[in-house]
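Okay, so here's the structure we're looking at.
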DNA sequence: TTGACGCATGCCGATATGGGCATACACTGG
DNA sequence: CCAGTGTATGCCCATATCGGCATGCGTCAA
């Protein structure tokens with residue numbers, strides 16, 4: 001057991017730049033593998049593989065058109081990601097806002113400057 | 001040159017489940033490394049390393065408090081992700097909606113059933 | 001000063017992953 | 001049925017990454 005997560009969930013799938021690029025292309029509309037290959041600087045096998053990953057996490061759907069394969073984004077699959085993000089930012093804003101107020105208070109009344117500077 | 005992207009951008013950083021878990025913990029408020037270790041089933045070094053990654057992409061900030069280190073989420077860093085997601089879904093919805101109408105039209109008028117079934 | 005606590009790091013091994021290349025498959029046109 | 005185009009796959013290598021373990025460093029208590 002070394003290395004943990006894999007290309008099994010959307011987060012990971014979108015972790016790879018190439019994959020995001022492919023999605024960017026598909027954002028403009030459906031596209032065949034060939035079209036994607038042409039637009040990006042990727043080899044055909046590479047694109048096919050990345051598309052497979054994207055397909056596995058259901059973020060793109062494929063349709064046959066003769067000997068072509070037309071891919072398109074399946075937006076609903078992105079929902080979990082958006083939800084998670086929203087939840088996180090919301091929680092953070094709420095909690096931290098209150099916390100900041102709290103700190104601002106204690107800072108003026110009780111022992112001051114115990115907590116040191118922020119970094120990074 | 002094998003393997004490409006790394007733990008250099010937010011997308012990748014959040015690609016790892018452990019890292020997302022840590023953020024989930026931090027969503028509830030600031031926390032020390034020890035607290036995170038206690039709440040998750042991760043070893044201390046592991047948590048520290050993941051925190052470093054998160055720090056490097058600026059998604060968390062750290063503050064010294066005695067011999068403790070208090071971490072907190074830095075929400076603004078998540079913006080790029082949200083923006084990208086929004087852009088993608090928006091684009092998709094617009095383009096594809098029109099495209100679907102188009103298909104619905106041609107389907108009834110011109111040669112029908114040239115494009116085959118959808119899969120996956 | 002010494003010892004303990006809290007966290008960060010370095011090192012090592014195992015392994016999944018991305019990329020390249022060649023090839024198998026599917027479908028279409030002759 | 002055969003050739004050609006468009007994709008998908010398998011195989012191999014190089015490497016970044018994750019996890020475990022031990023240790024280094026800074027801070028606080030006695």
Hits in the stretch B:88-116 (condition: modelled with pLDDT of 65 or more and within 7 Å of chain A (Cβ to nearest Cβ)): B:88, B:89, B:91, B:92, B:93, B:95, B:96
Scope the stretch B:63-75; condition more than 13 Å from DNA strand D (Cβ to nearest atom) and either touching a strand residue (DSSP E or B) at 6+ places or on another chain (Cβ under 8 Å) or in contact (Cβ under 8 Å) with a residue 12 or more places away in the chain (or both); matching residues: B:71, B:72, B:73, B:74
Single unsatisfied condition, residue B:70 versus (1) crowded, with 18+ Cβ neighbours inside 10 Å; (2) modelled with pLDDT under 95: (2)
The stretch B:31-62, residues that are buried (at least 17 other Cβ atoms within 10 Å of the Cβ) and either within 10 Å of another protein chain (Cβ to nearest Cβ) or within 23 Å of residue A:81 (Cβ to Cβ) (or both): B:36, B:42, B:50, B:51, B:53, B:54, B:55, B:57, B:59, B:60, B:61, B:62
Flag if residue B:79 is surrounded by fewer than 17 Cβ atoms within 10 Å (Cβ to Cβ) and away from DNA strand D (no atom under 16 Å from the Cβ): yes
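The values are calculated or read from the model by the stated rules, or taken from the named source; none is laboratory data. Only a predicted model underlies this, so the values are computations on that prediction, with no experimental measurement involved. Using ideal geometry, Cβ is built from the backbone for each residue, glycine included, and neighbour counts are taken over all protein chains shown.
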